[in-house]
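Single-structure report; data block below.
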Amino acid sequence: MAKGTLSKVMKYELRYLDGCGDFQNMQKELWTLQRQSREILNRTIQIAYHWDYTDREQFKKTGQHLDIKAETGYKRLDGYIYDSLKEDVQNFASVNVNATIQKAWAKYKSSKIDVLRGDMSLPSYKSDQPLVLHAQSMKIFSSDDDDVLQVTLFSNAYKKACNYSNIRFIIGLHDATQRTIIKKVLSGDWGIGQSQIVYKRPKWFLYLTYNFSPEQHEVNPDKILGVDLGESIAIYASSIGEYGSLRIEGGEISAFAKQLEARKRSLQKQAAYCGKGRIGHGTKSRVSDVYKMEDKIANFRNTVNHRYSKMLIDYALKHMYGTIQMEDLSGIKKETGFPKFLQHWTYYDLQQKIEAKAKEHGINFIKVDPAFTSQRCSKCGNIDSENRPSQAVFCCKKCGYKTNADFNAS
């Protein structure tokens, strides 16, 4: 991916066309690849951990680290892992084997310190794994009235032995956004990156990664929009010396969350005396309605966060703000200083969506230390725990400045 470009993912429904016998045979082959993907992912994690554990023990004893080249004959451990696994998945296209290994390799590296320290267990993968597609294994083109995905999933030797060709799917286009993305890819304006094929009974889907350059807007990078997230006011965005501000009330979030959480608790209690249709089929059947409710809550949060982040970015563009600044919420689950509602609601997800949309439109995004933002006076800079006498009111003990607490924090 070229420097300065961004990546996003769009979900497309796939309809099998040809390349691997009939539909049932295609499904059988892809399910086999799913199981093999899981093996590749988990064995990559295991080999990487074994190497690091052995290396650490060696260092304790001798004060010297293991030499990868001397021990394996490879300059990099992931190269050794690839050659260790490729013989067991000879039906798998090599570029996708490598992409699958790199997925697990990246996951392990991100959690390596915590794993070796004993703070978390080794990452593991379930059987219904997405099929990782290297960009080189995909080709998208138009055929008659359809847009088609041609994908290399099998090795050349396996295709020859089974009389297969590269599998082709018709790409389902259900809305204008999906059509625009495919049109941009077909024209060459946008590129494609590592993607995934996912099975969600009874259909297969493509999670297409596409690369694009940020939109260019007339904004001033020195014009900063401060953003505060709150409970009664979900988003308060303002700028010192500027007239007006953006307020998104939080009542919608609170009301919906309370309603669904109450329903969820009710369903959990009902599981103890549920009807015959749910008895005798295990715990999963008894709590199936609870799982559905959790999905509904998650979907609502995701939808709201997309909508709120779009409203904020539209406001920034309208008033030519070239920089957005807000608290760093990355430690929201670990730090106890954050309000409880922020830990319960997915405000970190909202921040991520704001950051992604800002970058798409060429707006700088800056995270600041959250310490004392609710206690600091935006007029004189005084920090005092008594500056905020209530959730909604800010009143500086030093200069007397009084305003809405969320507005002051933003």
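The values are calculated or read from the model by the stated rules, or taken from the named source; none is laboratory data. Keep in mind that what you see is a predicted model, and the values were worked out from it rather than measured. Here the Cβ positions follow ideal geometry from the backbone for every residue, glycine too, while neighbour counts run over all protein chains shown.
Points worth noting:
- Every condition in (1) farther than 19 Å from Trp105 by Cα; (2) surrounded by fewer than 16 Cβ atoms within 10 Å (Cβ to Cβ) is met by Thr54 except one, and the failing one is (1).
- Test result for Lys258, of a type in the set (D, E, K, R), farther than 24 Å from Pro370 by Cα and modelled with pLDDT of 70 or more: yes
- Exclusive hit being at positive phi, under 26 Å from the mean Cα position of the chain (by Cα) and of a type in the set (Gly, Ala, Ser), set Gly230, Gly250, Gly172, Gly188: Gly188
- Cβ separations smaller than 6 Å between residues 6+ apart or across chains give the following pairs from the stretch 299-321 residues that are touching a residue at least 24 places away in the same chain (Cβ under 8 Å) to residues that are among the polar types (S, T, N, Q): Arg301/Thr346; Met320/Asn220.
- Residue in the stretch 334-387 that is farthest from Tyr321 (Cα to Cα), counting only those that are modelled with pLDDT of 65 or more and among the small types (Gly, Ala, Ser): Ser385
- For the residues Asp147, Asp175, Asp228, the requirement of being crowded, with 19+ Cβ neighbours inside 10 Å, under 27 Å from Met311 (Cβ atoms) and among the charged types (D, E, K, R) singles out Asp228.
- Residue check, Ala135 assigned by TED's automatic domain parsing to the domain that holds Trp31, among the aliphatic types (A, V, I, L, M) and in contact with a Ser or Thr (Cβ under 7 Å, 6 or more places away or on another chain): no
- If the condition is being out of contact with any helix residue (DSSP H, G or I) (no Cβ under 9 Å at 6 or more places or on another chain) and either surrounded by 11 or more Cβ atoms within 10 Å (Cβ to Cβ) or at pLDDT 90 or above (or both), then the stretch 114-134 contributes only Asp114.
- Filter result (touching an Asp or Glu at 6+ places or on another chain (Cβ under 7 Å) and in contact (Cβ under 8 Å) with a residue 60 or more places away in the chain) within the stretch 111-139: Lys112, Leu116
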